[in-house]
Amino acid sequence: MERIGDAVRQELRRFGSAGVMADVVEAWPRLVGEQVAANAWPARFSRDGTLHVNASSSAWAFELGQLEGEILPRVQAAIGKAAPKRLRFAPGPLPEPAVEASTAAAEPLPEATLEQAREAHAWAAEIDSEELRKTVEKAARASLARAGSGRSI
């Protein structure tokens, strides 16, 4: 059974440095560590073999530029002969951080008490649209129940 990442990487290699870029992106967090990966991410290869890395700020770009002598050999060892010849750090956009599933989302929602349900019904009672009224009442019940249970809203 072939992993889709392997198939994609093999296909990208047909186009030159795009395949190498996939390898660099995959290995980056492991090579530089979590904190650096959160503040600097590989952006592109230039024709001269330089890997351009976007950093979250000019301070990060400067500091990482000072560490090129430590980072580059790690990247070269991991990627092999297609690895970058040089690294260049500059401020630029970073990918959105991965959102981890909240443990609170797995917990069942608390049920509204009779008093909370009555309060929610009273709040929504004057809304003319039946569909909107039911939606507002349901949301108010849930909000009151969560607030009463001590869970964040």
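The values are calculated or read from the model by the stated rules, or taken from the named source; none is laboratory data. Because the structure is a prediction, the values reported are computed rather than measured. With ideal geometry, Cβ positions are generated from the backbone for all residues, glycine too; neighbour counts draw on all protein chains shown.
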Selected residue [more than 23 Å from P97 (Cβ to Cβ), modelled with pLDDT of 90 or more and in contact with a strand residue (DSSP E or B) (Cβ under 8 Å, 6 or more places away or on another chain)] from G49, G80: G49
Looking at segment 58-71, can you tell me whether even one residue there is within 21 Å of P93 (Cβ to Cβ) and polar (S, T, N, Q)? yes
For segment 20-48, the count of residues that are of a type outside the set (D, E, K, R) and in contact with a Leu (Cβ under 9 Å, 6 or more places away or on another chain) equals 14
R30 being closer than 16 Å to L94 by Cα and basic (K, R): no
Count - residues of segment 44-76 that are within 14 Å of M21 (Cα to Cα) and of a type in the set (D, E): 0
